[in-house]
Amino acid sequence: MPATRKRWTNDELLIAFNLYCRTPFGRLHRGNPDIIALAQKLDRTPSSVAMKLCNFASHDPVHHARNIAGLRNASAADSHVFEQFEADWESLAAKSEAAIQRIGLRVKSPALEETAAELAARVGDTEVVRNVRTRRVQSLFRAAVLAGYDFSCAISGINIPSLLQASHIIPWAHEEGRRVDPRNGIALSTLHDRAFDRGLITFDEELRVVVSGRLRVGNPTEIHRVALLAIEGKQLRLPTRYAPDPAALAYHREHIFAA
């Protein structure tokens, strides 16, 4: 029988937190195949791994106001790991990805790792993009953002994985420290991701869609009207964790949005 009370090592905590980031809140249970797979790798029970992932959720502000049984048992070690990621997402993402590689864990849920070509298309075909470390940490960013929105667009609700992007609010090239922070991300369809990236849409302080005047020109087609003009004023759907940082959204309005 797997041990149930042995102390969690730092590597095990990093791996568990990585899986927590990749897993929708509603799937943090012992029947999740990914949790079962990790439990086998760590010689633990699925229940103990599921509880560890739930403990991490207790630190997210989205859940602070929710009186949910089972989310109030985080240990000092759990708190430390959460704080480590908050302080340096890129470094801790790389460490946790390396730890996953060492134990040979393969996540079966739709983590939706970007290919090198997809990443290069977004941030430029440079040596750093081809770097394995960069691809790994961006994989975690993408998975964490999309899992928080339950793999659906925060504007349209479309839930086809191949048509979704984890959009950076503050662009990749503008602030290195926010590249992997899921609070600097929003799950958007490919069309809305491109519009957001190009400053053609943004969100106001009430998290409503604002449409650029550049989209109000010419004779718009039906898809232009329905997919872009008609979304003005639509409320951004919030994720189950890692809600968008208001400061990052303010930066987007001021520096990216083309009024």
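The values are calculated or read from the model by the stated rules, or taken from the named source; none is laboratory data. Just so it is clear, the structure is predicted and the values come from calculations on it, not from any experiment. Virtual Cβ from ideal backbone geometry, glycine too; neighbours counted across all protein chains shown.
Within the range 169-187, if we keep just the residues that are outside any loop (DSSP other than H, G, I, E, B) and over 16 Å from ARG241 (Cα atoms), the residue that is modelled with the highest pLDDT turns out to be ARG178.
Scanning the range 190-223 for residues that are surrounded by fewer than 23 Cβ atoms within 10 Å (Cβ to Cβ), touching a strand residue (DSSP E or B) at 6+ places or on another chain (Cβ under 7 Å) and not in a loop (DSSP other than H, G, I, E, B) returns THR190, ASP193, ASP197, THR202, ARG208, VAL209, VAL210, VAL211.
Here's the yes/no breakdown for (1) at pLDDT 95 or above; (2) surrounded by 14 or more Cβ atoms within 10 Å (Cβ to Cβ); (3) not in a helix (DSSP H, G or I):
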site	(1), (2), (3)
ARG7	no, no, yes
GLU12	yes, yes, no
ALA16	yes, yes, no
GLY31	yes, no, yes
ILE36	yes, yes, no
ALA39	yes, yes, no
PHE56	no, yes, no
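Filtered by the rule that a residue be buried (at least 17 other Cβ atoms within 10 Å of the Cβ) and either of a type in the set (A, V, I, L, M, F, W, C) or not in a loop (DSSP other than H, G, I, E, B) (or both), the range 241-252 gives ALA243, ALA248, LEU249, TYR251, HIS252.
Once the range 224-240 is narrowed to residues that are free of Cβ contacts under 8 Å to residues at least 60 places away in the same chain, surrounded by 12 or more Cβ atoms within 10 Å (Cβ to Cβ) and touching a strand residue (DSSP E or B) at 6+ places or on another chain (Cβ under 8 Å), the residue that is farthest from VAL145 (Cα to Cα) is LEU229.
Can you pull out every residue in the range 129-164 that is outside any loop (DSSP other than H, G, I, E, B), touching a Phe, Trp or Tyr at 6+ places or on another chain (Cβ under 9 Å) and either free of Cβ contacts under 8 Å to residues at least 24 places away in the same chain or crowded, with 18+ Cβ neighbours inside 10 Å (or both)? VAL137, GLN138, LEU140, PHE141, ALA144, VAL145, ALA147, GLY148, LEU164, listed by residue number.
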